[in-house]
């Protein structure tokens, strides 16, 4: 299996090898965003890729959205589509080493969309801990996880099911929603979990 580093992901975007990319915002996340009323909340989308979720949020008036990806090409693709998006809110960094400058820069909401599945499974506990670290008390991690195995691939994506995921998140988050997604796109029907997880105060 290839080393899943910055160069790997940059080449995938340069060569448009992005089979996971559905070309628009996913319906479950659109429905969730449409229920949000405070457009000043601080939002992070890590492993954002082409970031259709961020485009939708920005077009709906959410101004405090931050995108993080290893790939400069992915962020450039987004900037070309949404030229008015603030450049300082595009972060080309490694998620695991990223640190907000101050406590005030922690996030109210982090959006998960095909980032968890792109990580080698041995990094999942580090992912959960980092999400906990980046969120404010009571902040939420919301998004989609694959409810599917990918044995035919060397990965990514890396899959699993609810019994694999819940033990990872339980020490750090309260589960508001952790269930089969009812409004997935047709090709992913029955193979996605919708999560709405609230950060625990573990101090």
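The values are calculated or read from the model by the stated rules, or taken from the named source; none is laboratory data. No experiment lies behind these values; they were computed from the predicted model shown. Neighbour counts are summed over all protein chains in view; Cβ atoms, including those assigned to glycine, are modelled from backbone coordinates with ideal geometry.
A few points about this structure:
- Region 65-95: number of residues that are farther than 22 Å from residue 28 by Cβ, free of Cβ contacts under 8 Å to residues at least 40 places away in the same chain and part of a loop (DSSP other than H, G, I, E, B): 5
- Residue check for residue 144: in contact (Cβ under 8 Å) with a residue 24 or more places away in the chain, part of a strand (DSSP E or B), closer than 30 Å to residue 62 by Cα and touching a helix residue (DSSP H, G or I) at 6+ places or on another chain (Cβ under 7 Å): yes
- Scanning region 36-51 for residues that are closer than 20 Å to residue 144 by Cβ, touching a helix residue (DSSP H, G or I) at 6+ places or on another chain (Cβ under 9 Å) and surrounded by fewer than 21 Cβ atoms within 10 Å (Cβ to Cβ) turns up just one, 36.
- Here residue 49 clears all of (1) at negative phi; (2) at pLDDT below 95 except the condition numbered (1).
- A single member of 36, 29 is over 19 Å from residue 156 (Cβ atoms), part of a helix (DSSP H, G or I) and modelled with pLDDT of 90 or more, and it is 29.
- Selected residue (criterion: surrounded by the most Cβ atoms within 10 Å (Cβ to Cβ)) from residues of region 183-203 that are free of Cβ contacts under 8 Å to residues at least 40 places away in the same chain and part of a loop (DSSP other than H, G, I, E, B): 189
- Hits in region 92-122 (condition: closer than 21 Å to residue 200 by Cα and surrounded by 20 or more Cβ atoms within 10 Å (Cβ to Cβ)): 95, 107, 109, 110, 111, 112, 116
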